[in-house]
Amino acid sequence: MKVYLDYNSTTPLHEEVAESISHSLAMYENPSGLYERATHNRQKIDIARQQLAALLNAAPEELIFTSGGTESNNTVLSLCHLLDISNANEKKKEVIVSAIEHHSVLNCAQNLEKYGIKVHYIPVDRSGRIELEAYKAMLSDTTAIVSIMLANNELGTIQDVKSLAALAHQSGALFVSTRATPYLKLVQ
């Protein structure tokens, strides 16, 4: 009997999803084109966006489709940080990430440092849990965004993102929780 235990990394596709993807691979025409098959593809994308938005209780225009987890993490961290600075407050120039984030988040954070963004790396205890007092000490009114992975893909540690997000929100920061898969969720 074969047992698969790495569902945090990737999961088998549901048969209906595999069928839908297979069908969509035949739709190669540019959905931004003005010819008939291209506009048909645009309609299919718009329907998918509306369906996903309804599932997430979001507006369709709030969704950004990406090719995978790394691109999603980079987009969210960079976009949220830039939007927070430009829309809310020029003094929000700091980012907080856990020391055990996925490399796509850590690499993005390091890149933000090159642009003068102060990045704090939250230490974790022996079991991989966020050191709460250190996290609280890092939060301030200059914190723009916090990124803490929900479930660590290597340790299996699950963080209490609801409580951690509440603390970030008390400081006026955005909170992003990622997993090592192409799944991203802004905690409300």
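Right, residue 165: aliphatic (A, V, I, L, M) and either modelled with pLDDT under 90 or in contact with a helix residue (DSSP H, G or I) (Cβ under 9 Å, 6 or more places away or on another chain) (or both) or not? Give the derivation first.
Values: aliphatic (A, V, I, L, M): yes; either modelled with pLDDT under 90 or in contact with a helix residue (DSSP H, G or I) (Cβ under 9 Å, 6 or more places away or on another chain) (or both): no.
Against the criterion (aliphatic (A, V, I, L, M) and either modelled with pLDDT under 90 or in contact with a helix residue (DSSP H, G or I) (Cβ under 9 Å, 6 or more places away or on another chain) (or both)), residue 165 does not qualify.
Kindly provide the set of residues from the stretch 37-81 that are within 24 Å of residue 102 (Cα to Cα) and among the β-branched types (Val, Ile, Thr), ordered by number.
64, 66, 70, 75, 76, listed by residue number.
Considering the stretch 54-113 alone, what residues qualify as being at pLDDT 90 or above and hydroxyl-bearing (Ser, Thr, Tyr)?
98
Could you list, in sequence order, all residues of the stretch 125-137 that are in contact with a strand residue (DSSP E or B) (Cβ under 8 Å, 6 or more places away or on another chain) and either crowded, with 18+ Cβ neighbours inside 10 Å or assigned to a loop (DSSP other than H, G, I, E, B) (or both)?
Residues of the stretch 125-137 that are in contact with a strand residue (DSSP E or B) (Cβ under 8 Å, 6 or more places away or on another chain), as a first pass: 130-131, 134-135.
The answer is 130, 131, 135.
Do you know which of the residues in the stretch 90-110 that are hydrophobic (A, V, I, L, M, F, W, C) and buried (at least 18 other Cβ atoms within 10 Å of the Cβ) is nearest to residue 68 (Cα to Cα)? Full working, then the answer.
Step one: list which residues in the stretch 90-110 are hydrophobic (A, V, I, L, M, F, W, C), which gives 95-97, 99-100, 105-106, 108-109.
Adding the requirement that they be buried (at least 18 other Cβ atoms within 10 Å of the Cβ) leaves 95-97, 100, 105-106, 108-109.
Values: 95: 22, 96: 22, 97: 20, 100: 20, 105: 13, 106: 16, 108: 15, 109: 18 Å.
Among residues in the stretch 90-110 that are hydrophobic (A, V, I, L, M, F, W, C) and buried (at least 18 other Cβ atoms within 10 Å of the Cβ), the one nearest to residue 68 (Cα to Cα) is 105.
Hey, does the stretch 158-169 have a residue that's under 23 Å from residue 75 (Cα atoms) and in a loop (DSSP other than H, G, I, E, B)?
Yes; the residues of the stretch 158-169 include at least one that is under 23 Å from residue 75 (Cα atoms) and in a loop (DSSP other than H, G, I, E, B).
Of everything in the stretch 139-157, what is crowded, with 21+ Cβ neighbours inside 10 Å, in a strand (DSSP E or B) and either not polar (S, T, N, Q) or not assigned by TED's automatic domain parsing to the domain that holds residue 106 (or both)? Give them in sequence order.
Correct list: 144, 145, 146.
Out of the stretch 1-32, which residues are within 18 Å of residue 47 (Cα to Cα) and assigned to a loop (DSSP other than H, G, I, E, B)?
Hits for the stretch 1-32 are 26, 27, 28, 29, 30, 31, 32.
The values are calculated or read from the model by the stated rules, or taken from the named source; none is laboratory data. As the structure is a computational prediction, the values presented were derived from the model and not from experiment. Cβ sites come from the backbone with ideal geometry, for glycine too, and all protein chains shown count toward neighbours.
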